[in-house]
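Scroll down for the structure; my scribbles are underneath it.
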């Protein structure tokens, strides 16, 4: 993979998640027996992030980016009138459809960086996606989010901070500055994917410079979540 070409980076990442689709839910933390207090701590923080999402209450028309197998799609339907679930891997969207049998969900198989649509939304949501956006595409991604929002639209996101403990082994850096980490599948195949970590205060400052009014907080040492909208001009 050419580290100087973020498009190639994204392509390999998409290939990984397409290949991982059949085992994704079983190999995510939610699908495993807890191995340690750190696992429970991580899940407790995710519950707190979910409570923050409930306070945010993404009502109306909601766009979910990187919707995956639907672990968060069902939560969004507690408030949303409709959800457009976009993911580059049709294999995970098929699981999403089986998991969430609700006709309020429209699924779109598309690379978010290439997706063309005139639709605008009341809220944009993404969980554990921002860390998979290559640094070179960060500004472009947030510009796309802005285009998807109506004038009073809001955004909410959740992601990981730099992990410690045994989870750090999941994110072995390849020794370059591209943000590449190695991930493997049960059949032994290995892929390099994007994994960029942010600290809440730094991320909020960076988004403010791009014209967003977003508060980013953390329930502990594992996760962060942010919410807000475009700053008034």
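Taking the DSSP beta bridges with both ends in the chain, the antiparallel portion is around 45 percent.
Taking the alpha-carbon centroid of each part, what is the distance from the stretch 112-162 to the stretch 38-95 in angstrom? Here the answer is 14 Å between Cα centres. Sequence-distant contacts, meaning Cα pairs under 8 Å at least 6 residues apart, place the relative contact order of the stretch 35-96 at 32 percent.
Normalised by the number of residues in the chain, the mean separation of alpha-carbon contacts (under 8 Å, six or more apart) gives a relative contact order of 20 percent. With 0.36 nm allotted per residue and the present C-alpha distance subtracted, the residue 136-residue 197 stretch has 20.5 nm of extension available. Subtracting the Cα-Cα distance of residue 185 and residue 210 from their residue separation scaled by 0.36 nm leaves 5.3 nm. Across the stretch 109-154, the mean sequence separation of Cα contacts (distance under 8 Å, 6 or more residues apart), normalised by length, yields a relative contact order of 60 percent. Across the stretch 77-151, Cα-Cα distances exceeding 22 Å account for 25% of all pairs.
Rounded to whole Å, the principal axis extents of the Cα atoms in the chain read 46, 40, 36, largest first.
Peptides 69-76, 145-152 ordered by packing proxy, namely the average of other Cβ atoms within 10 Å per residue, highest first: 69-76, 145-152. For the chain, what is the calculated [θ] at 222 nm in deg cm²/dmol (nearest 500), taking -39500 (n - 2.57) for each run of four or more DSSP H residues and dividing by its residue count? Helix contribution divided over all residues of the chain: -9500 deg cm²/dmol.
Each reported figure results from applying straightforward, stated rules to the coordinates on display, with no laboratory input. Since the model is a prediction, treat every value here as computed from it, not as a measurement. Here Cβ is always computed from backbone atoms with ideal geometry, including for glycine, and neighbour counts include all displayed protein chains.
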